[in-house]
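The values are calculated or read from the model by the stated rules, or taken from the named source; none is laboratory data. In this text, all values refer to a predicted model and were calculated from it rather than measured experimentally. Reconstructed Cβ throughout: ideal geometry from the backbone, glycine too, with neighbour counts over all protein chains shown. The accessibility values were calculated without ligands, DNA or RNA, using every heavy atom of the protein model including side chains. Shrake-Rupley method; radii C 1.70, N 1.55, O 1.52, S 1.80 Å.
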Amino acid sequence: MKNCLECHDKIIGREDKKFCCDGCRSAFNNRRNKDSTNLMRNINYILRKNFRILSELNPESKAKTTRKKLINKGFDFTYFTHILQTKTGNTYCFLYSQGYLCLENDLILLVKKEGSI
């Protein structure tokens, strides 16, 4: 007999079962996958906020805005998920599927990468 990884009750059923019920499986995985430190939690919060701001300002696939407008909405230019360097030498910063390119005169080009996860 095996015991549930969450509540340690005896498991009845298949030989390879790890949990006694769906509730225990969910609780175990939620605890295991939660952001374990304040630093991670804070960074993930900033990334999600930045993504929401870009999504709000770029509902289609391309738009322009100003650096000041992004900052006023609480955007933090320090945090992004990845960088895309184009063949022409432009450097786009992305937050998941939403990206931006800093242009002249504090203008910002917003783009959306289709098919991104």
I want the local charge near LYS69. Using Cβ-Cβ distances under 13 Å, sum +1 for each Lys or Arg and -1 for each Asp or Glu among the other residues.
+2
For the Cα atoms of the chain, what angle does the longest principal axis make with the long axis of helix 38-57, in degrees from 0 to 90, nearest 10?
50 degrees
For the range 1-58, state which GluC sites (Glu not before Pro) are in a DSSP loop and have at most 11 other beta carbons lying within 10 Å of their beta carbon.
GLU15
To the nearest 10 degrees, the tilt of helix 22-33 (Cα long axis) against the first principal axis of the alpha carbons of the chain is 50 degrees
D (µm²/s, integer) via Stokes-Einstein for the chain, Kirkwood Rh across alpha-carbon pairs, 4 °C, 1.567 mPa s: value 75 µm²/s
How large is the accessible surface of LYS18 in square angstrom, using a 1.4 angstrom probe and rounding to the nearest 10?
120 Å²
Accessible carbon and sulfur surface of the chain relative to its total accessible area, %, 1.4 Å:
52 percent
Given SER61, ILE71, GLN98, which one lies farthest toward the positive end of the charge dipole of the chain, if we put +1 on the Cβ of every Lys and Arg and -1 on the Cβ of every Asp and Glu?
ILE71
Filter the chymotrypsin sites (Phe, Trp or Tyr not before Pro) in the range 50-107 down to the DSSP loop ones having no more than 14 other Cβ atoms within 10 Å, then list what survives.
PHE77
For the chain, what does the accessible surface come to per residue with a 1.4 Å probe? Please give it in Å².
72 Å²
Under 20 Å from the Cα of LYS49 - lysines, other chains or at least 8 residues apart
LYS34, LYS62, LYS64, LYS68, LYS69, LYS73, LYS112, LYS113
